[in-house]
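Here's the structure we're looking at; comments come further down.
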Amino acid sequence: MFYQIYPRSYACAGSSQGVGDLRGIIDRLDHVVGLGVDAVWLSPVFCSPQVDHGYDVSDYYAIDPIFGTMADFDELLQAAHDRGLRVLLDMVPNHTSDQHAWFTAAVAAGRGARERDWYLFRDGRGADGAVPPTDVLGSFTQTPVWTRVTEPDGTPGQWYFHLFTAEQPDLNWLNPAVLAAFEQIWRFWLDKGVDGFRVDVADHLTKDVDRNDVRFGNDLLTHDADNRTHEVLRALRSTLRGYEHQPTAIGEIWSGGASYSSDDEFPQTFGFPILKAGWDAPALRAAIQEVLADTEPVWVIDNHDTPRSASRLGPARSRALTLLMLGLPGAACLYQGQELGLPNVDDLPDEVLADPVWQRSGGTDRGRDGCRVPLPWSGSQPPFGFCDDEVEPWLPQPPQFAGFTVESQRRDPTSTLELTRRWLGVRKQLVGAGFQWRDEAPDRVHFQRPTDTGTIDVLMNLGDTSIALPPGRILAHSDPKPPDGWLPPDAAVWWEV
Ligand code: GLC
């Protein structure tokens with residue numbers, strides 16, 4: 001069982017800028033331990049200009065001062081290990097920051113230099129090279145994937161490729177030097193005892209940037225002819241194998257995870273299809289089936305890139321889908337705040353929006369800040385214990401967060417927090433359990449998990465009317481009140497026969 005910490009927004013022990021930090025995580029580690037998860041995944045804490053909040057790394061060997069020091073990280077790792085909690089880092093191999101020494105060297109070295117070959121530089125089209133190499137638009141904001149540099153002699157120069165913002169140049173993974181550099185980075189962190197990585201944009205490392213016949217979005221992501229991303233992932237896997245503490249890696253692959261998860265590539269990939277399936281029983285069943293057939297999933301319905309399910313689906317459905325997901329075979333991941341039923345904040349004022357998507361889209365896409373608002377820990381007004389009272393959190397918390405604090409939910413056995421804690425406890429009974437589908441009615445998702453000692457049924461009601469429950473002992477329920485023989489709409493339940 002994983003728990004995703006988005007460090008900027010988890011807890012802040014020292015920053016005057018109201019940004020969460022590593023010491024804040026150490027101080028609040030007992031919250032995660034108390035939930036009963038096995039591992040945390042930290043969104044990137046490496047040195048970064050923070051254009052994309054850490055997903056633009058300028059030094060993979062150092063901790064960004066905004067989050068603390070390497071000594072803080074070592075202390076966090078030790079504190080987590082002492083409590084039986086594993087720690088995964090967020091590895092960002094697709095691109096670096098434009099402030100990374102590799103990139104500044106590539107620009108400084110000039111056209112044709114070996115250093116340029118670490119990134120994807122191309123000459124522009126037209127007589128003076130002023131037209132970008134292709135017309136393709138990028139993943140974030142439908143803006144061009146090419147940015148032109150000024151050559152060392154001051155003339156307008158080549159263009160470099162970036163799937164995301166111009167400050168995130170894509171690496172050239174067909175250059176063996178890039179792989180060698182990353183193998184060293186992986187080993188640096190694994191030698192410290194880190195328990196593995198969540199791997200960002202994991203399936204698009206090698207790509208054909210010269211093609212002009214591709215469209216915005218996922219279609220853009222055509223691979224090189226041999227799709228050598230597989231070779232990169234095999235190298236990652238073999239690095240992991242060299243360690244006795246059995247580190248893992250989870251691929252961020254939004255579709256087609258199956259072709260990258262095998263004995264040689266990713267041990268685990270995110271089960272995103274259930275996040276995308278919406279509130280629809282046949283679609284959810286198909287999503288589950290697709291993932292189970294092919295991969296070792298880490299099921300997920302919330303993360304730092306997606307509006308929170310408590311708002312996307314509504315609080316009751318979000319709790320129900322969380323409970324259903326926890327009943328599926330494989331691992332699962334909760335995103336910080338999901339255990340509180342925290343809503344998305346959709347009405348942040350324009351002037352505080354900090355996601356590059358907002359600015360880069362010219363204000364047409366509000367971006368992902370709504371799911372990244374700092375957690376409410378205690379008290380009745382902002383900053384709700386997230387940071388010192390005199391400090392303003394980097395994104396403002398709405399007054400309604402008062403009803404969602406950890407402190408208030410701890411006292412309430414019917415709260416989402418206490419329900420989640422119980423679910424995670426019961427979930428331990430599922431280790432090694434089998435899986436079989438039950439009823440395929442259009443208003444429900446229903447499956448069974450045969451265990452050594454009995455059978456656990458998992459049922460979610462997507463219809464408009466209550467469903468009669470067969471006799472059995474209720475083990476977990478998503479409504480604050482246990483069902484009394486009937487499962488109401490928008491609820492899920494586990495029972496044992
Ligand atoms: C991944 C991350 C996202 C980031 C993007 C670029 O999708 O989850 O937050 O913006 O990659 O690195």
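List of remarks:
- Local electrostatic count at Asp224 - Lys and Arg +1, Asp and Glu -1, tallied over other residues with Cβ under 14 Å: -3
- Peptides ranked, highest mean first, by Cβ atoms within 10 Å: ranges 426-434, 12-20, 123-131: 12-20, 426-434, 123-131
- Both radii were evaluated on the Cα set of the chain; the Rg over Rh quotient, with Rh as the Kirkwood radius, amounts to 0.98.
- Solvent-accessible heavy-atom area per residue, rounded to whole Å², over the stretch 434-496 at 1.4 Å: 46 Å²
- By the Cβ rule of 4.7 Å, the chain holds the following cysteines without a possible disulfide partner: Cys47, Cys333, Cys371.
- Against the criterion of solvent-accessible heavy-atom surface with a 1.4 angstrom probe, Ser466, Ser309 sort, most first, into Ser466, Ser309.
- Counted residue by residue at 0.36 nm each, then reduced by the alpha carbon distance between them, the extension gain from Asp30 to Ala181 reaches 50.8 nm.
- When a 1.4 Å probe is rolled over the protein heavy atoms, the share of accessible surface on the chain that falls to carbon and sulfur comes to 49 percent.
- Backbone amide hydrogens, once placed in the peptide plane, bring Tyr3 within less than 5 Å of Ala39, Val40, Trp41, Leu334, excluding anything fewer than 5 places away on its chain.
- For the stretch 1-148, the solvent-accessible area with a 1.4 angstrom probe is 35 square angstrom per residue.
- Cα gyration tensor category, rounded, prolate or oblate, for the stretch 434-496 with a/c compared to 1.5: oblate
The values are calculated or read from the model by the stated rules, or taken from the named source; none is laboratory data. Treat the numbers as computed from the prediction; the structure is a model and nothing was measured. Ideal geometry is used to build each Cβ from the backbone, glycine not excepted, and the neighbour counts take in all protein chains shown. Just the protein is used for accessible areas: all its heavy atoms, side chains included, with ligands, DNA and RNA removed. Shrake-Rupley method; radii C 1.70, N 1.55, O 1.52, S 1.80 Å.
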